[in-house]
């Protein structure tokens, strides 16, 4: 990994519906443009550790807080009446608006977890704007993945899943149940649902021996905002249904260099997802780290190495 790096510029761009998106740039102003897409949906850029994956002398690094979270405004929980406007095609349009705003022609796109799904959706929509993709803890947003992470993996963690799914009515998907609770008019209902969702995600996110389950989000507002966005997207199959799914269109990525990095112990996101993507994406590379789960240190080192190597192409 490269040394810690501070942004040299930041700002907001205005989007329809009184939305303001936060962006920041670091590295070399004249370097090769690269975009980082964070996980979630709803995690935000955080403390900026993503910048260490880029050589600051060779890359102009762009970070974006996706709409509804981070330093972008309004947060999803503060604008529930317009939550339905927050969808994958909207985020893709936001990315294009940022690219135009910054005067960038083409860029490498690096995404982690949900950010890898968004990166893939963006590349499929605008292949002429993407020089390469580097994806870590790979997801594609499919119904199969969502049903596994919210129900199937309960076979591995039956005690936690029984608590998590206890209030779900018969015949309703667990994720749809929680998405509904997190839009309930009663703040107490939303708060309880957010706590339950956070506890479940913390339980199943990794089989890495170094992982210790605990709250993923210490602040109640962050916990509720994250759960609201995740369940909204997952209840709608990440707005990538059927023939619009990433895997159904992965062959269209031929010609775009791609590196996939994934942990074998990522129980919530089994390695079959990057494997299938790799099989369908001509010219892609797949690296599976046997000892790690959902985004460990070795995975990040491999990610950094891939980004360094792509700087020379």
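The values are calculated or read from the model by the stated rules, or taken from the named source; none is laboratory data. Keep in mind that this is a model prediction, so the values were computed, not measured. Every residue, glycine as well, gets a Cβ built from its backbone with ideal geometry; the counts of neighbours run over all protein chains shown.
So that you can scan it fast, the table gives a plain yes or no per residue for (1) surrounded by fewer than 21 Cβ atoms within 10 Å (Cβ to Cβ); (2) in contact with a strand residue (DSSP E or B) (Cβ under 8 Å, 6 or more places away or on another chain); (3) in a loop (DSSP other than H, G, I, E, B):
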{"position": "243", "(1), (2), (3)": "yes, no, no"}
{"position": "274", "(1), (2), (3)": "no, yes, no"}
{"position": "283", "(1), (2), (3)": "yes, yes, yes"}
{"position": "295", "(1), (2), (3)": "no, yes, yes"}
{"position": "303", "(1), (2), (3)": "no, yes, no"}
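So which of 199, 244, 227, 248 ends up being without any contact (Cβ under 8 Å) to a residue 12 or more places away in the chain and in contact with a helix residue (DSSP H, G or I) (Cβ under 8 Å, 6 or more places away or on another chain)? Before you say what the answer is, go through the steps one by one.
Details: 199 fails: without any contact (Cβ under 8 Å) to a residue 12 or more places away in the chain; 244 fails: in contact with a helix residue (DSSP H, G or I) (Cβ under 8 Å, 6 or more places away or on another chain); 227 fails: without any contact (Cβ under 8 Å) to a residue 12 or more places away in the chain.
Selected residue: 248, the only one of 199, 244, 227, 248 that is without any contact (Cβ under 8 Å) to a residue 12 or more places away in the chain and in contact with a helix residue (DSSP H, G or I) (Cβ under 8 Å, 6 or more places away or on another chain).
Taking residue 5 as meeting all but one of (1) touching a helix residue (DSSP H, G or I) at 6+ places or on another chain (Cβ under 6 Å); (2) under 20 Å from residue 305 (Cα atoms); (3) buried (at least 23 other Cβ atoms within 10 Å of the Cβ), write down the number of the exception.
(3)
Hey, among 134, 109, 138, which residue is part of a loop (DSSP other than H, G, I, E, B), touching a residue at least 24 places away in the same chain (Cβ under 8 Å), in contact with a helix residue (DSSP H, G or I) (Cβ under 7 Å, 6 or more places away or on another chain) and assigned by TED's automatic domain parsing to the domain that holds residue 295?
Values: 134 fails: part of a loop (DSSP other than H, G, I, E, B); 109 fails: part of a loop (DSSP other than H, G, I, E, B).
Selected residue: 138, the only one of 134, 109, 138 that is part of a loop (DSSP other than H, G, I, E, B), touching a residue at least 24 places away in the same chain (Cβ under 8 Å), in contact with a helix residue (DSSP H, G or I) (Cβ under 7 Å, 6 or more places away or on another chain) and assigned by TED's automatic domain parsing to the domain that holds residue 295.
Residues in region 253-267: is at least one surrounded by fewer than 20 Cβ atoms within 10 Å (Cβ to Cβ), in a helix (DSSP H, G or I) and at pLDDT 95 or above?
Looking through region 253-267, none of the residues is surrounded by fewer than 20 Cβ atoms within 10 Å (Cβ to Cβ), in a helix (DSSP H, G or I) and at pLDDT 95 or above.
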